[in-house]
1. Could you give each residue of segment 118-130 its phi-based ³J(HN,Hα) in whole Hz, using Karplus coefficients 6.51, -1.76, 1.60 with θ = phi - 60°, and x for Gly or Pro?
2. Roughly speaking, what is the stretch gain from Asp124 to Ser109, that is 0.36 nm per residue apart minus the C-alpha to C-alpha distance, in nm to one decimal?
3. Give, in nm to one decimal, the length gained when the segment between Ile89 and Ser41 is fully stretched (0.36 nm per residue of separation minus the Cα-Cα distance).
4. What are the residues whose amide H is under 5 Å from the amide H of Ile117, where those residues sit 5 or more places off or on another chain and H is modelled from the backbone?
5. Would you kindly state how much longer the chain becomes between Lys81 and Leu34 on full extension, computed as 0.36 nm times their sequence separation minus their alpha carbon distance, in nm to one decimal?
Amino acid sequence: MTIKVFNLHCNNGHMFEGWFSSHTEYEEQISKNLITCPICSSSEISKLLSTPYIGKKRSSSTIEKTHTNNIHNISLEQQAKTIESLRQIINKAENVGNNFAEEARLIHSGESQKTSIKGNISLDEKKELEEEGINIIPIPNFLDDDLLQ
Ligand SMILES: [Zn+2]
């Protein structure tokens with residue numbers, strides 16, 4: 001989790017640190033006057049400088065800070081790519097509806113040429129398939145365009 005520490009000051013010149021999970025959170029709190037000076041309780045607060053931190057570990061150089069920010073962005077990008085490829089696999093899979101358990105067994109035994117299927121399954125059927133060594137993956141609804149239509 002990224003913690004952003006802002007050096008804040010009030011209209012009376014007192015300076016203090018504010019900790020936020022994001023710049024958006026800071027802006028929300030500022031706009032709702034939720035941030036007050038710990039010394040004089042003024043809610044007229046301004047930001048002096050912003051310093052990004054990853055976790056609670058402080059980094060000492062600007063280069064390090066830029067570097068960690070980039071890593072953060074890449075991991076979000078990779079996450080999006082993983083979801084996108086998962087979505088493609090799911091949308092390519094043949095929808096066998098309520099015959100899922102049956103079809104899965106046929107694929108497992110080599111009697112079916114299907115490569116990927118999706119469908120509905122009861123908890124009991126899921127348990128049975130797992131006991132037979134057939135691994136199935138629950139699909140979140142938002143990844144399946146068929147379910148969204
Ligand atoms: Zn103050």
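1. Each residue's phi maps through the Karplus curve to give 9, x, 9, 8, 8, 4, 5, 4, 4, 5, 4, 4, 5 Hz.
2. Stretched out fully, the Asp124 to Ser109 stretch lengthens by 3.4 nm.
3. Working: separation 48, 0.36 × 48 = 17.28 nm, distance 5.57 nm.
My answer for the length gained is 11.7 nm.
4. Long-range HN contacts for Ile117: Glu94.
5. Details: separation 47, 0.36 × 47 = 16.92 nm, distance 3.73 nm.
Stretched out fully, the Lys81 to Leu34 stretch lengthens by 13.2 nm.
Readers should treat all values here as calculations from the given coordinates under stated rules, not as data from a laboratory. Keep in mind that this is a model prediction, so the values were computed, not measured.
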